[in-house]
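The values are calculated or read from the model by the stated rules, or taken from the named source; none is laboratory data. What you see is a predicted model, and the numbers here were worked out from it, not measured in a lab. In this analysis, Cβ positions are derived from the backbone assuming ideal geometry, glycine residues included, and neighbour counts consider all displayed protein chains.
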């Protein structure tokens, strides 16, 4: 959805004094009314009820109804809801959060790096708009799996629930939480050592002053979310479990993170490090923040990684924009296909 269409949607609802979060609630509620999911959380039920009240304010307006129908017609299963969320809740989303939504096509490629295992527990501890979990649900299709998501922002958890309830397969169970993963509540620790795969784009470079479990990286003075996220994932994963995530380019190349990289080699088998160019997040966040893909496997008593892939994606030849759907990220998809990974396969 391009910026002009977003502005037109905004203008339509502003005439009723509705803007920002309330506009997003109306659109999301229309999706819920169309798909009518049966089992929803109490948080989503409250959100839905608020949206219904707002929807009553515009139901009699022909243009408003047509606007909602056009949104549904162009995106029946609501995969563009994260774009709408970001547009209508820009300040809430971006201020000091360190968050950048992952472009859908990049999430699809990263998900394709995981092996398909029946009954897998797949976790995104910073799920944002649920993009990784949605792509995992597509990749696992009718195979059994458990999708676990978490975000510190309650409204993002609701957004993820909406998207996943509309799209997930019947063979997939879903559990979403609203927790600070660095505080280690009972709900967090209950997952320790039980997760097969983690897919994530964690908030970048947020200061973390306390970490309520032993962390090699914290003890070595790395007091930021980028470093501690790695130790969090190490604790959550089963031995030999996979982590595929985005981290700041500085973690990969800067001298100040040299000790961090040595600790990673102690605890993880490195499967792939793929350096991405600037512009990766242009479609979702209009930022030049640079991030790289890291694929790690938690060490066990068996060696699994025979060789390490180091890739450098020099360009993204196909434009990453909100109104162009594409299947390949040029260099990146070529790199993965040479390893026998079909980025277009959902089986």
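May I ask you to list the residues in the stretch 131-173 that are in contact (Cβ under 8 Å) with a residue 40 or more places away in the chain, in contact with a strand residue (DSSP E or B) (Cβ under 6 Å, 6 or more places away or on another chain) and either surrounded by fewer than 18 Cβ atoms within 10 Å (Cβ to Cβ) or closer than 19 Å to residue 236 by Cα (or both)?
Those that are in contact (Cβ under 8 Å) with a residue 40 or more places away in the chain, in contact with a strand residue (DSSP E or B) (Cβ under 6 Å, 6 or more places away or on another chain) and either surrounded by fewer than 18 Cβ atoms within 10 Å (Cβ to Cβ) or closer than 19 Å to residue 236 by Cα (or both): 132, 133, 136, 148.
Would you pick out the residues in the stretch 68-82 that are under 13 Å from residue 33 (Cα atoms), within 23 Å of the chain's Cα centre (by Cα) and surrounded by 16 or more Cβ atoms within 10 Å (Cβ to Cβ)? Talk me through it step by step, then tell me what you get.
Pass one, the stretch 68-82, residues under 13 Å from residue 33 (Cα atoms): 68-69, 72, 76-78.
Filter once more, so that each one left must be within 23 Å of the chain's Cα centre (by Cα): 72, 76-78.
Answer for the stretch 68-82, where residues must be under 13 Å from residue 33 (Cα atoms), within 23 Å of the chain's Cα centre (by Cα) and surrounded by 16 or more Cβ atoms within 10 Å (Cβ to Cβ): 72, 78.
If you take the residues of the stretch 174-188 that are crowded, with 18+ Cβ neighbours inside 10 Å and out of contact with any strand residue (DSSP E or B) (no Cβ under 7 Å at 6 or more places or on another chain), which of them is nearest to residue 36 (Cα to Cα)?
Among them, the one singled out is 188.
Consider the stretch 238-280. How many of its residues are in a strand (DSSP E or B) and more than 19 Å from residue 218 (Cα to Cα)? Please lay out each step first, then the result.
Pass one, the stretch 238-280, residues in a strand (DSSP E or B): 238-248, 268-275.
Within this subset, residues satisfying the condition of being more than 19 Å from residue 218 (Cα to Cα) are 238-246, 269-275.
Matching residues across the stretch 238-280 total 16.
Which one of the conditions (1) in contact (Cβ under 8 Å) with a residue 40 or more places away in the chain; (2) surrounded by 16 or more Cβ atoms within 10 Å (Cβ to Cβ) does residue 226 fail to meet, given that it meets all the rest?
(1)
Residue-by-condition table, conditions (1) closer than 26 Å to residue 19 by Cβ; (2) over 16 Å from the mean Cα position of the chain (by Cα); (3) outside the structural domain of residue 240 (by TED's automatic domain parsing); (4) not in a helix (DSSP H, G or I):
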residue: 55; (1), (2), (3), (4): yes, yes, yes, no
residue: 59; (1), (2), (3), (4): yes, yes, yes, yes
residue: 66; (1), (2), (3), (4): yes, yes, yes, no
residue: 110; (1), (2), (3), (4): no, no, no, no
residue: 117; (1), (2), (3), (4): no, yes, no, yes
residue: 128; (1), (2), (3), (4): yes, no, no, yes
residue: 136; (1), (2), (3), (4): no, no, no, no
residue: 149; (1), (2), (3), (4): no, no, no, yes
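Restricting attention to the stretch 8-23, which residues are without any contact (Cβ under 8 Å) to a residue 24 or more places away in the chain and on the phi > 0 side of the Ramachandran plot? Full working, then the answer.
Start the filter on the stretch 8-23 by keeping residues that are without any contact (Cβ under 8 Å) to a residue 24 or more places away in the chain, which leaves 11, 14-15, 17.
Listed by number, the list holds a single entry, 17.
If you scan the stretch 25-40, which residues turn out to be in a helix (DSSP H, G or I) and within 22 Å of the chain's Cα centre (by Cα)?
First, the residues of the stretch 25-40 that are in a helix (DSSP H, G or I): 25-35.
If the condition is that a residue be in a helix (DSSP H, G or I) and within 22 Å of the chain's Cα centre (by Cα), then 25, 27, 28, 29, 31, 32 are the ones that fit.
Select, from 250, 240, the only residue that is within 17 Å of residue 202 (Cα to Cα), assigned by TED's automatic domain parsing to the domain that holds residue 131 and surrounded by fewer than 20 Cβ atoms within 10 Å (Cβ to Cβ).
Working: 240 fails: within 17 Å of residue 202 (Cα to Cα).
That would be 250, the only listed residue that is within 17 Å of residue 202 (Cα to Cα), assigned by TED's automatic domain parsing to the domain that holds residue 131 and surrounded by fewer than 20 Cβ atoms within 10 Å (Cβ to Cβ).
If you check 79, 43, 19, which single one turns out to be assigned to a loop (DSSP other than H, G, I, E, B), under 20 Å from residue 127 (Cα atoms) and in contact with a helix residue (DSSP H, G or I) (Cβ under 8 Å, 6 or more places away or on another chain)?
On the way: 43 fails: assigned to a loop (DSSP other than H, G, I, E, B); 19 fails: under 20 Å from residue 127 (Cα atoms).
Going through 79, 43, 19 in turn, the sole match is 79.
Check whether at least one residue in the stretch 170-180 is touching a helix residue (DSSP H, G or I) at 6+ places or on another chain (Cβ under 6 Å), assigned to a loop (DSSP other than H, G, I, E, B) and more than 28 Å from residue 87 (Cβ to Cβ), and report yes or no.
The answer is no; no qualifying residue exists.
Within the stretch 209-227, count every residue that is modelled with pLDDT of 75 or more and farther than 19 Å from residue 295 by Cβ.
Of the residues in the stretch 209-227, the ones modelled with pLDDT of 75 or more are 215-227.
Now drop any that are not farther than 19 Å from residue 295 by Cβ, which leaves 215-216, 218-225.
Summing the residues that are modelled with pLDDT of 75 or more and farther than 19 Å from residue 295 by Cβ in the stretch 209-227 gives 10.
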